[in-house]
1. Just checking, does the stretch 22-40 include any residue being in a loop (DSSP other than H, G, I, E, B), near the ligand (Cβ under 8 Å from one of its atoms) and on the phi > 0 side of the Ramachandran plot?
2. Considering only residues that are over 22 Å from MET99 (Cβ atoms) and open to solvent by less than 60 Å² (accessible area, probe 1.4 Å), which ones fall in the stretch 30-57?
3. Of the conditions (1) modelled with pLDDT of 90 or more; (2) farther than 30 Å from ARG172 by Cα, LEU281 fails just one. Which one is it?
4. Within the stretch 86-108, can you find the residues that are among the hydroxyl-bearing types (Ser, Thr, Tyr), within 8 Å of the ligand (Cβ to nearest atom), out of contact with any strand residue (DSSP E or B) (no Cβ under 7 Å at 6 or more places or on another chain) and part of a loop (DSSP other than H, G, I, E, B)?
5. Can you say whether GLY151 is within 13 Å of the ligand (Cβ to nearest atom) and at pLDDT 95 or above, as far as the supplied structure shows?
6. Just one of GLY46, GLY67 is within 9 Å of the ligand (Cβ to nearest atom) and out of contact with any helix residue (DSSP H, G or I) (no Cβ under 9 Å at 6 or more places or on another chain); which is it?
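The values are calculated or read from the model by the stated rules, or taken from the named source; none is laboratory data. Not measured: the values here are computed from a predicted model. Please note: Cβ atoms are built from the backbone with ideal geometry, for glycine as well, and neighbour counts cover all protein chains shown. Accessible surface areas use protein heavy atoms only, side chains included; no ligands, DNA or RNA. Shrake-Rupley method; radii C 1.70, N 1.55, O 1.52, S 1.80 Å.
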Amino acid sequence: MSLLSYPERGPWGNAKWRGNCSGYIYRHLFQLLSPQRFCDPMVGSGTSVDVAREMGIEAVGLDLHSGFNVLSQPIRLHLPAHWNGQADLCFSHPPYHTMVTYSGAQWGNEAHPDDLSRCSNLDEFYEKLALALLNQRDSVKVGGIYGTLLGDLRQKGAYHALASDIQAYLPRSERRAILIKAQHNTQSGTRTYSKLRFGRIEHEYILLYERQPGQVYAVLAETVQTQQETRTRSWKAIIGAAILGLGETFTTAQAYQAVMNAAPERIQQSEHWQAKVRQTLQQLPGLTNPERGVWARAA
Ligand SMILES: C[S@@+](CC[C@H](N)C(=O)[O-])C[C@H]1O[C@@H](n2cnc3c(N)ncnc32)[C@H](O)[C@@H]1O
């Protein structure tokens, strides 16, 4: 099943740890994936490893609060020697950007610069979380599973789709499952949200990837290619949307102007944007080019 809902958190870990997770979620994952060796590199209060050990699974829990930094230390070097640097499952539950602050708040007296809950903007968060997840990938055997539990975030009216956006940094060919988890017992859930126009976010995502043979640079090449394809596709969307406001026939100059109005930042990033506009106009369905510099929508 891909929809998980466990209102109780169970006796594992610490219910008072901000942002802790129900142990039943881990129990579900362990039953699904049957790992013998499990690692959680952001273990927080220890919920995941408590459940694992109770189920007879060898488990290692690491966290910045006890001196392990997933951004600078290879996880595989922190596994028991007899694992030979390979877990069956490496699953994390990172901070959801700045939703809950850990260093200097939940633990320790000061902010830690590599604390994932203290990134100064979303791009920094994605870059760092991607590194953490590739570190997780590096710690599992080929055929092993790496993944994460992540929720989205609404700040000042903007909806930050953390769980969707992070996938652009990971190898699409290794993605195996996305499960939706109902969110219960959140601190924000106890506040009144009568004025919240779109309602409270009450779900999180479990992203699961299976490590395939191949070194990390092959994975990075794949993600760069995916991102380039996405950029190409987004040009089509930008240009297609920009010319919606033009009439039945329009000139190339009018199309340039419409794109300049619609996406000023994007054209600043691309020296050859006008060539891109002309090329895309040629490719857009339903457009003809009856004479040089003139475009017409098919009736
Ligand atoms: C959402 S909590 C995990 C909660 C856990 N699932 C539980 O039930 O208690 C996220 C954890 O990530 C840790 N963390 C943040 N940045 C980290 C880093 N760079 N390396 C390792 N752990 C980090 C925080 O200290 C925090 O304990």
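1. No: the stretch 22-40 contains no residue that is in a loop (DSSP other than H, G, I, E, B), near the ligand (Cβ under 8 Å from one of its atoms) and on the phi > 0 side of the Ramachandran plot.
2. PHE30, LEU33, PRO35, PHE38, CYS39, VAL49, VAL51, ALA52, ILE57 - these are the residues of the stretch 30-57 that are over 22 Å from MET99 (Cβ atoms) and open to solvent by less than 60 Å² (accessible area, probe 1.4 Å).
3. If we test LEU281 against (1) modelled with pLDDT of 90 or more; (2) farther than 30 Å from ARG172 by Cα, just (2) comes out false.
4. Across the stretch 86-108, the qualifying residue is only TYR102.
5. For GLY151, the condition - within 13 Å of the ligand (Cβ to nearest atom) and at pLDDT 95 or above - is met.
6. Matching residue, one of GLY46, GLY67: GLY46.
For (1) surrounded by fewer than 21 Cβ atoms within 10 Å (Cβ to Cβ); (2) touching a residue at least 24 places away in the same chain (Cβ under 8 Å), each residue gets a yes or a no:
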{"position": "SER103", "(1), (2)": "yes, yes"}
{"position": "GLU110", "(1), (2)": "yes, no"}
{"position": "ASP115", "(1), (2)": "no, yes"}
{"position": "GLU124", "(1), (2)": "yes, no"}
{"position": "LEU131", "(1), (2)": "yes, yes"}
{"position": "GLN136", "(1), (2)": "no, yes"}
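Every residue, every condition in (1) part of a helix (DSSP H, G or I); (2) in contact with a strand residue (DSSP E or B) (Cβ under 7 Å, 6 or more places away or on another chain); (3) open to solvent by less than 50 Å² (accessible area, probe 1.4 Å), yes or no:
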{"position": "LEU208", "(1), (2), (3)": "no, yes, yes"}
{"position": "GLN228", "(1), (2), (3)": "yes, no, no"}
{"position": "ILE238", "(1), (2), (3)": "yes, no, yes"}
{"position": "ALA241", "(1), (2), (3)": "yes, no, no"}
